[in-house]
Amino acid sequence: MHVSSTLAYLSFFTSLATALPDAHGKPKPPFFALAGDSTTATQSAGGGGWGDGFLSTTLQKGASGKNFGHNGATTVSFRAGGDWANVITAVKSASDKYDPYVTIQFGHNDQKPDKNISMADLIANLVALVEEVRAVSATPILVTSLSRRTYNASGLVVENLADVTAATKAAAQQSGAHIIDLNRASTEYLNAIGELDAHTYNLNPTDNTHLNDEGSVVFGNLVAMLIDREVPRLRKYVKPVKSVEQALKKGDYVFPAV
Ligand SMILES: *[C@@H]1O[C@H](CO)[C@@H](O)[C@H](O)[C@H]1NC(C)=O
Ligand SMILES: *[C@@H]1O[C@H](CO)[C@@H](O)[C@H](O)[C@H]1NC(C)=O
């Protein structure tokens, strides 16, 4: 464990402010539509992210959701391929019984040079997604990209998602949308536990980007903690698993039973 990164990690979580719940209309439980790439998507041969772990282990009191993560997706392909239309349709039909939220996490593929998506394009695309969520009376939550588990010679996570993380923050600033900094929180946790333990979350031994089922639960719970911090009215419905939450807060390694 690296002392400096551990201290930064702890201060990140101990500085969480306790806010009062918002006054909120009818007490409908939330419905979470998860929009994103393979680092959100359901576990499969070609991908797998935090989405299923979040949906299956943290939702309480009638809260529900659906994982729309698509392997290889960019902000452009997610719309062009019809995934975004599916998200909007699901949100509209859920609105009857639920208070809908849409998490929006892109960047891993948008940053690839062959996609020809500039950071200015990425910001504009994210802002458009935010506005379209609001147009159907749902609440958008921008999510910065889950860290890759590649480590440098100092044993620290290589920070190669800085451009898309900055673009997501700029989109939140422009639109006033909620944002959770999963890139920072996941990087700090991965630095706290170290490379060998981090690789136990790999979808397969050589895949440092995608998560297996246990990794999905760990990072799904990290997302839950960040959402509760950013949107306090959701705390009643989004409850991290105690043992996983404790490990995440302390920067201790955990490999949950799934
Ligand atoms: C990349 O995008 C720019 C701006 O949209 C466009 O002008 C250019 O033709 C694109 N290049 C390729 C190789 O697609
Ligand atoms: C490893 O990454 C950290 C964080 O970005 C950086 O501070 C450090 O200098 C890097 N070490 C090497 C050897 O590249």
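The values are calculated or read from the model by the stated rules, or taken from the named source; none is laboratory data. Model, not experiment: these values are computed from the prediction. A quick note on method: Cβ atoms are made from the backbone with ideal geometry, for glycine too, and the neighbour counts reach across all protein chains shown. Just so you know, the surface numbers come from the protein's heavy atoms only, side chains and all, with ligands and any DNA or RNA stripped out. Shrake-Rupley method; radii C 1.70, N 1.55, O 1.52, S 1.80 Å.
Data overview
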read-out: Exceeding the 32 Å Cα-Cα cut-off - candidates Lys66/Lys112; Lys28/Lys115; Lys66/Lys249; Lys115/Lys239; value: Lys28/Lys115; Lys115/Lys239
read-out: Rounded accessible area per residue of segment 30-250, 1.4 Å, Å²; value: 37 Å²
read-out: log10 of Debye I(q)/I(0), alpha-carbon scatterers only, for the chain at 0.08, 0.13 Å⁻¹; value: -0.28, -0.77
read-out: ³J(HN,Hα), Karplus 6.51/-1.76/1.60, whole Hz, each residue of segment 85-97, x for Gly, Pro; value: 4, 5, 4, 5, 4, 5, 5, 4, 6, 7, 4, 4, 9
read-out: Gyration tensor (alpha-carbon) shape descriptor, segment 49-202, a/c threshold 1.5; value: oblate
read-out: For the chain: relative contact order, % (alpha-carbon pairs under 8 angstrom, 6 or more apart); value: 26 percent
read-out: Given charges at beta-carbon only (K, R positive; D, E negative), |dipole| of the chain in Debye; value: 840 debye
read-out: MRE, 222 nm, helices only [DSSP H, n ≥ 4, -39500 (n - 2.57), over the chain, to nearest 500]; value: -13000 deg cm²/dmol
read-out: Zone of Gln174's modelled label, taken as backbone nitrogen in segment 55-93 under 16 Å from a point 7 Å along Cα→Cβ; value: 75-76
read-out: Label-point gap, in nm, between Glu159 and Arg134 - each point 7 angstrom along Cα→Cβ; value: 3.0 nm
read-out: For Asp99, distant residues with modelled amide H under 5 Å away; value: Phe31
read-out: Packing-based ranking, highest mean first, of 42-53, 87-98, 159-170, 113-124 given that Cβ atoms within 10 Å are counted; value: 42-53, 159-170, 87-98, 113-124
read-out: Amide H contacts of Leu211 (H built 1.01 Å from N, under 5 Å, at least 5 apart or other chain); value: Gly48, Gly49, Leu203
read-out: Pairwise FRET efficiency - Ser95 versus Arg233, Cβ, R0 = 25 Å, nearest 0.05; value: 0.90
